[in-house]
Amino acid sequence: MTTLFGTPDIAIGMKESASRVRLFDGPLDLSWRHCATTADFIADLFALRFQSSRNDYREVRHNIGYLVNELVENAVKFRAPGEIVIEASMDSECFKLKVSNDVGGEDASDFQNLLADITVGDPMDLLIQRIEVNAANADVGDSGIGLLTLMSDYGARLAWIFSAADESDRICVETYASIPISQIHN
């Protein structure tokens, strides 16, 4: 069974011209430091076309880096052992990202419950509500603030597809994101 959350029209395959990065489990063990390094690499790669304008380059690099870091951090944080695949592409209108990884059934269920809450309603209103809840209760985990920030402050459109993975106790999560680029350099 396949379940979709978020904006359905962006949850389609990446272009054949997408750049692909795979993060493997192994002797280095995937950790937080890999998220920032991967995000910086992808942001640098895609922001290069804006290097003629220092301000545009910085903004594009920052926006892409923030998006990639947030989604790769979530993949590292909630993944079942195995690889994380990151696919990215950009055209004149937007930067697109797909992050794929497997999660355990319980984590998938918890994540789906969170997504059911944060994908309905105005992202800015939901972000303020989540910040207030977190301020009142420091023990709140998995609040969705990072995802809501992407939607409200960066104009990100997000979607998630959950489907059966190769192993019966795992669920494959594909996270799709799109952020506007065209408005930056116009």
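May I ask which residue of 92, 124, 137 lies farthest towards the positive end of the charge dipole of the stretch 83-145, with charges of +1 (Lys, Arg) and -1 (Asp, Glu) on Cβ and the Cα centre as origin?
92
Compare 153, 107, 139 in a GNM of the chain, Cα atoms joined below 10 Å, and give the one with the largest fluctuation.
Of the options given, 139 has the highest mean-square fluctuation.
With r as the distance between the Cβ atoms of residue 138 and residue 21 and R0 = 35 Å, compute the FRET efficiency 1/(1 + (r/R0)^6) and round to 0.05.
0.50
About the Cα centre of the chain, what is the dipole size in debye to 20, counting +1 per Lys and Arg Cβ and -1 per Asp and Glu Cβ, all else neutral?
Once rounded to the nearest 20, the dipole reads 720 debye.
Could you size up the charge dipole of the stretch 104-145 around its Cα centre, putting +1 on the beta carbon of Lys and Arg and -1 on that of Asp and Glu, and report it in debye to the nearest 20?
100 debye
Each value in this text was obtained by applying a stated rule to the coordinates, not by laboratory testing. Nothing here was measured: the structure is a model prediction, and the numbers come from that model. Glycine gets a Cβ as well: all are built from the backbone with ideal geometry, and neighbour counts include every protein chain shown.
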